[in-house]
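Please treat every number below as a calculation from the coordinates, not as lab data. Predicted model, so just to flag it, every value in this text is computed and none were measured. In this analysis, Cβ positions are derived from the backbone assuming ideal geometry, glycine residues included, and neighbour counts consider all displayed protein chains.
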Amino acid sequence: METQDQMPEPVAYDADGKPLYAAPPPQDANAQRPHVQVVHMTRSLEPEGVPVTPEVKQKHEDSVKMYPELNLSEHEYVVSAIRRHPIGLFGTVFVTALSVAIVFALLFNLPFFVESLGMPTVDQGAVWLIGILILSLFLLGGYAAIWVYANNRLFLTNESVIQEIQNSLFSKTEQTVSLMNIEDASYDQHGPIQTLLNYGSIRLSTEGEETTYRFNYVANPKYQIAVLNNAVEAFKNGRPFSVVDEES
């Protein structure tokens, strides 16, 4: 009599008469089980920093000492500090000098003007005091305008372009653009004066939002754009940055 695998007794039957079991039939103990491989992975709690070479570290420290107002990362340093051409101060200096000259002329020729206009005698001490106050206001206004102009600067680092916009004595804006986001950098010069004095405007266009940044009255804009384009290419290609010769 052949032996058969022992099956559990059915506990019930369905509508077709098939047996229903309380548990599935026992499986063969020798049946091959799927192989399960467990891999253990570890991850550091703090992200690993970018290694900083001694040369880059020294350049960073020098930039921090020279430009303490800039917020530079530990592996970032200033490549070029672009300032405005002095020609942009011509209007301010001219107006200030003209105003001071007119006030001085009035003060020194006060008796002549009083006699010519038939005015009554005036207290010259009080007039000179008022004149000096007016001169001080003109000089302070001219100095403030020059200070605001000079504090509009553009910094090129090995990672970004930082533009400091000084709108007035108490209004300042800072814009930072990563070199990775710069799509186009160009300059333009218009007219014989800009060409002869070698100044112009720098224009930067970024990807994504297509934002355009402009910096006017830049001295030697062709050279500054060459340095900027070289820095952008070096940053995007992951190669060391080299300064462009100004005479080339």
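What's the exposure ranking of Y77, Y149, Y199, going from fewest to most Cβ atoms within 10 Å?
On the way: Y77 24, Y149 17, Y199 21.
Going from least to most buried by this count: Y149, Y199, Y77.
For W147 and I130, the difference between the fully extended length at 0.36 nm per residue and the C-alpha to C-alpha distance is 3.6 nm.
Can you check what the net charge comes to around L204, using other residues whose Cβ is under 9 Å from the Cβ of L204 (Lys, Arg +1; Asp, Glu -1)? Write down the numbers at each step before the final one.
Numbers: positive: R203, R214; negative: E183, D184.
Residues near L204 contribute 0 overall.
Annotation for region 136-184 versus region 63-100: alpha-carbon center distance of 7 Å.
The calculated FRET efficiency for the pair T212 and F104, based on their C-beta separation and a Förster distance of 41 Å, comes to about 0.35.
The simple Förster model, with R0 at 30 Å and r as the Cβ-Cβ distance, assigns F90 and K236 a FRET efficiency of 0.20. In this calculation the C-beta distance from Q58 to E164 is compared with R0 = 35 Å, giving a FRET efficiency of 0.90.
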